[in-house]
Amino acid sequence: MSSVGESRWSQCPWAPLRTLVLAMALSAVVACGASGGGTTSGEDEAPEEERPADAAPAFGVEFVDALADGSRNETACVQQTATAVAKPGAVDLVFVIDNSTSMLGEIAEVVRQLNRQLYPVLEAAGTDFNVQILTGYGERRRVRVCVSEPLGGGTDADEDGFCDQVGTEPTQTPLLFHKDVLIGSNNGLCLLLSQLATGGLADRLRPNAIKNIAIVTDDNPNCSLPATTPGGAVALDQRLAPRSLARRFEAALQSIAPNLFGASEETRNYVFWSFVGQESSAGGLAGGGEPIGPMSPVSGRRCEGAVAAGQAYQELSIVTGGYRYPTCGAEPNYESMFRKMAESLNEQAKLPCASSRSPPRPKAKRWTGPRSCSSSRRPG
């Protein structure tokens, strides 16, 4: 597999510009700092210094602090260089859900919140969205997934959030495609890459849509793909430093599907969301709390019951501007994380774009987050 052509990742992760997209006229082009030059072999490396939360943004960009709800925006990174008008775009969301036996409660909560939080918020906003799910299909008691109406195709007459009956295969809908593949504790990223390489998911994702990937697991990635994989062999070894492993995954992702996820850090076109076994936002080990933003450092502390803290997943969320949330809890509640995700997807669909083509980048800056806009209509 080709090495990643950079000496370090971006210091300024991208995230939706919540305050800017609410205005009709916007004086912003998303532009986040990155370093260039150099290569890495993918081998374990010395840890890099954590960037202080109050440090000045890289390359002269500025953070926009005022959000629509009055809270602090710790991810928006803008440069006042151009004028654009918000036009509706498309967003695609891919869930990769661990089917191991420890995930029974987590799977139930994900299925619940898909219809309780994600679908109604996106639908009410008129956002052009599609959801893809990569996980085993079947009954909840067997640690499998079946998504009911209105997002999925299963019936839910008793309105408990779950399918009343589970057939032999998922019922696909215009908004949701369920790829029935069993996901283990450690191989979710590799199976995602494999499905993209073979067309299992790639054919369902829209090139002009901003992509979102959400992993749901309580363990670390530890898997590999053979040399016959497009782009070459992939080795996501958990013995690597988390950032090195995350770099390898992104290099493979962009080698396999550059038209979907971008061909480099400069053209990155995805946000990574992590439901993993890390501590909560308040430092507690029982789960819960608020979604953890990309300006918070990677945590190595596991929440109760988790196998690992999923630090490589956390690295991917940080560098792409996504959020993290602990999977743990006797009865996990992901309402706040799904609400944050839905709001973010709505904002992504309103990214400033004068046409269906991506806006130009300033010569002295690097674009590190999603930059595609689309006027494509929802299928169906």
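Read the figures in this text as sums done on the coordinates, not as results from a lab. Computed from a predicted model, the values in this text were never measured in an experiment. All Cβ positions, glycine included, derive from the backbone under ideal geometry; neighbour counts span all protein chains shown.
Using modelled backbone amide H atoms (1.01 Å from N, in-plane), which distant-in-sequence or interchain residues come within less than 5 Å of Val166's amide H?
Residues meeting the amide H criterion: none.
How large is the Kirkwood hydrodynamic radius of segment 90-348, counting all unique pairs of alpha carbons, in Å? Intermediate results must be reported in sequence, preceding the final value.
On the way: mean 1/r = 0.0554 Å⁻¹.
Evaluated on segment 90-348, it is 18.0 Å.
Which semi-axis lengths, in whole Å and largest first, follow from the square roots of five times the eigenvalues of the Cα gyration tensor of segment 85-194?
Equivalent ellipsoid of segment 85-194: 23, 18, 12 Å, largest first.
For the residue pair Asp203 and Leu182, what label-to-label distance in nm results when each label sits 7 Å from Cα along the Cα-to-beta-carbon direction?
Placing both labels 7 Å along Cα→Cβ, they lie 2.5 nm apart.
Using the Karplus curve 6.51 cos²θ - 1.76 cosθ + 1.60 with θ = phi - 60°, work out ³J(HN,Hα) for each residue of segment 133-138 in order, rounded to whole Hz, and write x for Gly and Pro.
Each residue's phi maps through the Karplus curve to give 10, 10, 5, x, 9, x Hz.
May I ask you to evaluate 6.51 cos²θ - 1.76 cosθ + 1.60, the Karplus curve with θ = phi - 60°, for each residue of segment 101-117 and list the ³J(HN,Hα) values in order in whole Hz, giving x for glycine and proline?
So the Karplus estimates, Gly and Pro as x, are 4, 6, 9, 4, x, 5, 4, 4, 6, 4, 4, 4, 6, 4, 9, 7, 10 Hz.
Report the full-extension gain for the segment Arg339 to Ser224: residue separation times 0.36 nm, less the Cα-Cα distance, to one decimal in nm. Each step should come with its number before you reach the end.
Numbers: separation 115, 0.36 × 115 = 41.40 nm, distance 3.32 nm.
Additional length available on full extension: 38.1 nm.
Please give the peptides 271-281, 292-302 ranked by average Cβ packing (other Cβ atoms within 10 Å per residue), highest first, as a rough proxy for protection.
The packing order, highest mean first, is 271-281, 292-302.
Can you give me the orientation-averaged projected area of the convex hull built on the Cα atoms of segment 217-361, in nm²?
Taking the Cα atoms of segment 217-361, their convex hull projects to 9.6 nm² on average.
Under the rule of at least 5 residues apart or a separate chain, name every residue whose amide H is placed under 5 Å from the amide H of Gln132.
So Gln132 has HN proximity to Leu93, Val94, Phe95, Phe177.
Under 5 Å between amide hydrogens, which residues at least 5 positions from Val234 or on another chain qualify, with H placed 1.01 Å from N in the peptide plane?
Leu225
For segment 211-227, just list the computed ³J(HN,Hα) in residue order, Karplus coefficients 6.51, -1.76 and 1.60, θ = phi - 60°, integers in Hz, with x standing in for Gly and Pro.
9, 10, 10, 10, 9, 10, 6, 10, 9, 9, x, 6, 7, 8, 10, x, 5
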